[in-house]
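The block underneath contains the structure these notes are about, expressed in structure tokens.
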Amino acid sequence: MPITVEPSSLSLNDVHRLLKLQKESNASFVDFLSLELLTDFEQQDLLRIRSDLERYLNTGKISEGLVKFLTLAPLMRAAGFYDIPIRLTMEDVIAIAIEDEDTCIRGRMDILAVNNAQTMTAPPFWILVIETKNSLVEVFEGLPQLLTYAFKSLEQQASVWGLATNGLRYQFVHLKQGTPPTYQLMPSLSLNEFEDSIRLLQVMKAICQLENFQVRYA
């Protein structure tokens, strides 16, 4: 009987070995995305999100739940992830069988955004996989879990975006099919830095719009 392991127990080396996943050199957002200027309203929205986060950070640790509530929820709404045909789900169970290791990786994704504009025979298109941590945890500690969950989507699509965050720092990754499958890290962004916060919302909007367009019209 296969041994079941949780993604949270895996190191980055474990993920590379078990999933045959290979890291490529770091990339720039503009290699994949067309980033648009933000409106004055969007910038004001960002200012409110940053102010809320700072107020809570000043009191100490922010839990994973509050990270989702204070930062991810308003950022995803501003980026368009609440709009039809995109659907958000939480705590979805994923399982990956590693036959040559007699191992099954099984865990729950924090947040998944899918495009539900599908035919009867086509599965939903995964747009963005998000792994959250509390504010005191370094975002790279969530990378093995994020890569594991996002890797699952490569069974049915060519590429997917992932995001690990502790509310303050945001690390995007881009995974794609191949022999072997690969991933690239994007520049890390900090919500409390003005230019970074602008780029963060630009990236989230671009991911939402790009994948939405590709699924509808490809």
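Structure data summary
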item: Residues located in the range 161-204, provided they are touching a Lys or Arg at 6+ places or on another chain (Cβ under 8 Å) and under 17 Å from Val15 (Cα atoms); result: Ala164, Pro180, Pro181, Thr182, Tyr183, Gln184, Leu185
item: Some residue of the range 9-18 being of a type in the set (Gly, Ala, Ser), free of Cβ contacts under 8 Å to residues at least 12 places away in the same chain and not in a loop (DSSP other than H, G, I, E, B); result: yes
item: Unique match (being in contact with a helix residue (DSSP H, G or I) (Cβ under 8 Å, 6 or more places away or on another chain), modelled with pLDDT under 95 and of a type in the set (D, E, K, R)) among Glu42, Glu101, Glu36, Glu91; result: Glu101
item: Unique residue being touching a strand residue (DSSP E or B) at 6+ places or on another chain (Cβ under 9 Å) and β-branched (Val, Ile, Thr) when the list is Val173, Val137; result: Val173
item: Matching residues in the range 132-177 - criterion: being among the charged types (D, E, K, R) and farther than 23 Å from Phe194 by Cα; result: Glu141, Lys152, Glu155, Lys176
item: Cross-chain or 6+ apart pairs with Cβ under 8 Å, the range 165-178 first and touching a residue at least 24 places away in the same chain (Cβ under 8 Å), then aromatic (Phe, Trp, Tyr) and outside any strand (DSSP E or B); result: Gln171/Phe140; Phe172/Phe29; His174/Phe32; Leu175/Phe151
item: Residue list for the range 21-78, filter: out of contact with any Pro (no Cβ under 8 Å at 6 or more places or on another chain), surrounded by 14 or more Cβ atoms within 10 Å (Cβ to Cβ) and outside any helix (DSSP H, G or I); result: Lys23, Ala27, Phe32, Leu33, Leu35, Leu38, Ile62, Ser63
item: Near pairs, Cβ below 6 angstrom, 6+ apart or cross-chain, from the range 29-41 (within 16 Å of Leu189 (Cα to Cα) and in contact (Cβ under 8 Å) with a residue 12 or more places away in the chain) to any residue that is among the hydrophobic types (A, V, I, L, M, F, W, C) and assigned to a loop (DSSP other than H, G, I, E, B); result: Phe29/Met186
item: Subset of the range 96-111 [over 16 Å from the mean Cα position of the chain (by Cα) and either basic (Lys, Arg) or surrounded by fewer than 11 Cβ atoms within 10 Å (Cβ to Cβ) (or both)]; result: Glu99, Asp100, Asp102, Arg106
item: Residue satisfying all of: in the range 168-202; surrounded by 21 or more Cβ atoms within 10 Å (Cβ to Cβ) and among the polar types (S, T, N, Q); nearest to the chain's Cα centre (by Cα) among these; result: Gln171
item: Hits in the range 170-218 (condition: of a type in the set (A, V, I, L, M) and at pLDDT below 95); result: Leu210, Val215, Ala218
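The values are calculated or read from the model by the stated rules, or taken from the named source; none is laboratory data. This one's a predicted model, so the numbers in the text were calculated from it and none came from an experiment. When we count neighbours, we look across all protein chains shown, and the Cβ atoms used for this are built from the backbone with ideal geometry, even at glycine.
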